[in-house]
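The values are calculated or read from the model by the stated rules, or taken from the named source; none is laboratory data. Computed from a predicted model, the values in this text were never measured in an experiment. Note that each Cβ is placed from the backbone with ideal geometry, even for glycine, and that neighbours are counted across all protein chains shown.
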Amino acid sequence: MSGGVFMSGMLSSPRTLFGATQSADALAAGGGAQNIIIDTDPGVDDAFALLLAMRSSELKVVAVTAVAGNVPLSLTLPNALRLVEIAGRQDIPVAGGASSPLIRKLVTAAYAHGNNGLAGVEFPPARLQPVKEPASDLICRMVRENARNICIVGIGPLTNIALALRQDPEIGSMVSSIVLMGGSLSGGNVTPAAEFNFYVDPEAASIVFSSGIPIRMVGLDVTRKVQLTARHVQALQAGKGRVSEAAARIAEAVMKMHRGADSERGPNLHDPLAVSSLIRPDILIFEDYQIEIETTGSITAGESVGWKHGPARHSAPMETAGVTEGPNDFLFRANAKVATGVDSEKFFELLISRLTTDGI
């Protein structure tokens, strides 16, 4: 059941990428704080992404929605609540979402994030409670109430966003843009083909890429180049306040878990790089691509296949498919801006400075 079937009608008149409303670049350059919903599965790098967003005046986090991914929903939701509370942002509603992918069994990544999702670092239970509204309902409502003025930031499996689009297809024309961490044009990190978020729920990713919403995809092509180091941990430890302390504890723990206590280099900070693109446009270079998500392959499910230009062609038809005239081409149409270059120094300057600024 390919996700493209659900949303194919929305591709008949796709909007120009980031042309329907004020662009992400314009907002970051001074056009006002951009409203964002963060859909997340915390997750070590999700934690950094959430803290970065909540400490950046360029962004107004209007909601956080949790999804199962790096660890089960029973952990990602409490982790999201803890991080919002650590940042002193109890004004942000946090909603629980999907506990499993659309049609697949959940595969988690506790091996990379620790059994609790935060590299084993224990924080007190949050006093903040999740809203009763399910994540997909909250997304639909907020998008309708703020048509063309909300960007969705997807930094986990895209299940919640796909459910919202399937539940209320009309919101596809009301979302200003989607910025996501996921995919790759250069091979995966779970299988040779698939990046983790798309691997967990390929059908959800397919729905999102077929929605007609302007998409910015920040994938492994660039996130593999932003690696946490001991120097970054020391800079976080030198900061003041709850946010810096929490980030430093998580960073130190994941470094030890990643390659041993004496390692100088740790994991890649995938998710905050996606958030950074909304704050400093000069950190990433984007190029137009047509992206389709493989959903049927037993080996390649979750692969993000990109065409930079036409002709765009699927595999040759099976002999049993009957007579087919001409090549198996389809109309080339760019549906995403894909990050292909990154200035890692600028990224870490932004991340460290925002998390260590005096205050909370």
### Query
Tally time: how many residues in the range 71-97 are of a type in the set (Val, Ile, Thr), without any contact (Cβ under 8 Å) to a residue 60 or more places away in the chain and within 16 Å of residue 45 (Cα to Cα)?
2
### Task
Go over the candidates 177, 173, 210, 206 one by one and state the one that is within 22 Å of residue 34 (Cβ to Cβ), at pLDDT 95 or above and crowded, with 24+ Cβ neighbours inside 10 Å.
177
### Message
Quick test for you: out of 135, 126, 147, pick the one residue that is buried (at least 18 other Cβ atoms within 10 Å of the Cβ) and free of Cβ contacts under 8 Å to residues at least 60 places away in the same chain.
### Response
126
### Message
Being more than 15 Å from residue 255 (Cα to Cα) and of a type in the set (Val, Ile, Thr) is the filter here; which residues of the range 113-132 pass it?
### Response
131
### Query
Among the residues of the range 56-72, which ones are buried (at least 21 other Cβ atoms within 10 Å of the Cβ) and either among the aliphatic types (A, V, I, L, M) or in contact with a strand residue (DSSP E or B) (Cβ under 6 Å, 6 or more places away or on another chain) (or both)?
59, 61, 63, 64, 65, 66, 67, 68, 71
### Query
What is the number of the single condition among (1) within 18 Å of the chain's Cα centre (by Cα); (2) closer than 30 Å to residue 333 by Cβ that residue 316 does not meet?
(1)
### Task
State the number of residues belonging to the range 133-159 that are in contact with a Leu (Cβ under 8 Å, 6 or more places away or on another chain) and either more than 22 Å from residue 46 (Cα to Cα) or at pLDDT below 95 (or both).
0
### Task
Look at residue 283 and say whether it is at pLDDT 95 or above and closer than 23 Å to residue 172 by Cα.
no
